[in-house]
Amino acid sequence: MSSRERLGWTPFLDAHAAAFAGRDYAFARVIEEQRGLSRVSGDVDGWMEISGKFRYEAANAAAFPAIGDWVAVRANVIHHVLERRSVISRAAAGRTTAEQVVAANVDTIFVVTALPQDVNARRLERYLAMAWDGGAIPAVVINKSDLSDDPEAVSRAISARLPLVDVVVVSALHERGLEALAPYLQPARTVALAGSSGVGKSTLVNRLIGRAAARVSTISDADGKGRHTTTARQLHELPGGALLIDTPGMRELQPWLDGDGLDAAFDDVLAIAESCRFADCAHDGEPGCAVADAVADGRLDGDRLENYRRLARETAFEDRKRDKAAAAEHKRRWKQLHQAQKALYRSRDRDRG
C-alpha cells in the first residue's frame, strides 16, 4: 500500500488530481493544524504554508486547508485543496456568519458524550445533523460508563430517542467496551471524534492509539466534568491502520446545515409526516396531523419533535444570514476589484504622461 493509500487516498481523489497533471505537484494529507500552518504527510512530509495566491483568491475561510484535507504541494507550499469527499462544518462562534470546517474527508464521526452529566439527547441530535449534512456516518459513543450505576439503561434511552444510529457504551479510562468500535476502525478509513469539552476524547484517543498521544486532565470534584485539553486538530494513524482525527471540544455547536443533514437526523419524523393530511402541515395543531398523533400515542418523543422544530427554525435563520453575508462579500470583492482597476488606469495615465 502506498503512503497515499495508507492515509486514505481513493479513486475519487485520482479523478481530481488529474486536473493538476504536468504541474509538478506532490499530494499530501493535512494531519495537523497549528497557528496558520499545516503539517502534511503523503508524497511529502512536513510543515507547509499556503501560497500568497491561494490566500488572496480563497472565497472564504472554509476554503483554506483543514485537518483531513488533501492538498497539492510544491516547494513546501500548499497551492490547492483537492475537492472534499465529505466535510464536517459548523457555524463559527460569535456574531459573524461564517463556516468553520471541523474536518474533511471523514468516513465516520464518533459523537462522544459522557456519563453521568453530559448525556443530552438534544445536543446529540445537533451533532448527528452536522455529521449527516457533511456526508459522514455518525455513531454515538457514551464514555465514562464506570461513573454510572446503570450505563446500559442510558444507552437504551438514547437508542430509543435516536433510532437511526449505533450507540456504544465504553469506559476509555478502564478500557471497557472499546472492542465495539472495531467495525468502524478499518485500515485507511477516517474516523473523527466530536463532542463537548471534558467527555474524555483525549483518553479515548490514547487508548485507541495504544500510547499517550494526547494530553488528558482529571475530572473536577465540583462538577464531575473533565477539562478541555485538546487545543489543536490532529490526525493519528492507529495500529490497525485506521485514521483518527481528534478535535477540540465544542462549547457551543451551531451546525452549518443546508437542510439535508437536518432531514437525515430526523428521518423518523419526516417519515411520519408523509401521512399528514396536508402537505405543508407544520405539526402544530393542524387537523389530520400524523406527527401529532404519533406524539399522542407515544410512537414519537414530543421533546424530539420540539428539538426538530427548533433546529429547523435555527437553520432557516442561518440561511437568511448567509444570504446577507454572501451579498456583502460579493459587494466587498467587487469594490476591491474596481479599486484595483482604477489604480491600473491611473498608473497607465502617469506612464503616458
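The values are calculated or read from the model by the stated rules, or taken from the named source; none is laboratory data. Keep in mind it's a predicted model, so treat the numbers as computed, not measured. Positions of Cβ are backbone-derived with ideal geometry, glycine not excepted, and every protein chain shown enters the neighbour counts. Heavy atoms of the whole protein, side chains included, go into the accessibility calculation; ligands, DNA and RNA do not. Shrake-Rupley method; radii C 1.70, N 1.55, O 1.52, S 1.80 Å.
Might you let me know whether the stretch 107-128 holds any residue that is under 26 Å from W9 (Cα atoms), modelled with pLDDT of 90 or more and in a loop (DSSP other than H, G, I, E, B)?
yes
Among the numbered criteria (1) outside any loop (DSSP other than H, G, I, E, B); (2) modelled with pLDDT of 95 or more, which single criterion is violated by N206?
So the condition that N206 fails would be (2).
Based on this model, can you work out whether L311 counts as among the hydrophobic types (A, V, I, L, M, F, W, C), under 19 Å from L162 (Cβ atoms) and touching a residue at least 40 places away in the same chain (Cβ under 8 Å)?
yes
Only one of (1) under 27 Å from G261 (Cβ atoms); (2) in contact (Cβ under 8 Å) with a residue 12 or more places away in the chain; (3) open to solvent by 20 Å² or more (accessible area, probe 1.4 Å) fails for A129. Which number is that?
(3) is the only condition that A129 fails.
Considering each of A62, A72, A17 in turn, give the residue that is under 16 Å from R233 (Cβ atoms) and either touching a Phe, Trp or Tyr at 6+ places or on another chain (Cβ under 7 Å) or part of a helix (DSSP H, G or I) (or both).
Just a single option satisfies the conditions, and that option is A62.
Mind listing whichever residues of the stretch 136-195 are among the β-branched types (V, I, T) and either touching a His at 6+ places or on another chain (Cβ under 9 Å) or not in a helix (DSSP H, G or I) (or both)?
Scanning the stretch 136-195 gives I137, V140, V141, I142, V165, V167, V168, V169, V170, T190, V191.
Looking only at the stretch 54-77, which residues are closer than 26 Å to T108 by Cβ and of a type in the set (V, I, T)?
Listed by number, the residues that qualify are I67, V71.
The conditions are (1) open to solvent by 20 Å² or more (accessible area, probe 1.4 Å); (2) in a helix (DSSP H, G or I), and E49 fails exactly one of them. Which is it?
E49 satisfies all of (1) open to solvent by 20 Å² or more (accessible area, probe 1.4 Å); (2) in a helix (DSSP H, G or I) except (2).
Conditions (1) open to solvent by less than 30 Å² (accessible area, probe 1.4 Å); (2) in contact (Cβ under 8 Å) with a residue 60 or more places away in the chain; (3) among the aromatic types (F, W, Y), marked per residue:
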site	(1), (2), (3)
V141	yes, yes, no
A153	no, no, no
D166	no, no, no
V170	yes, no, no
L185	no, no, no
T190	yes, yes, no
G195	yes, yes, no
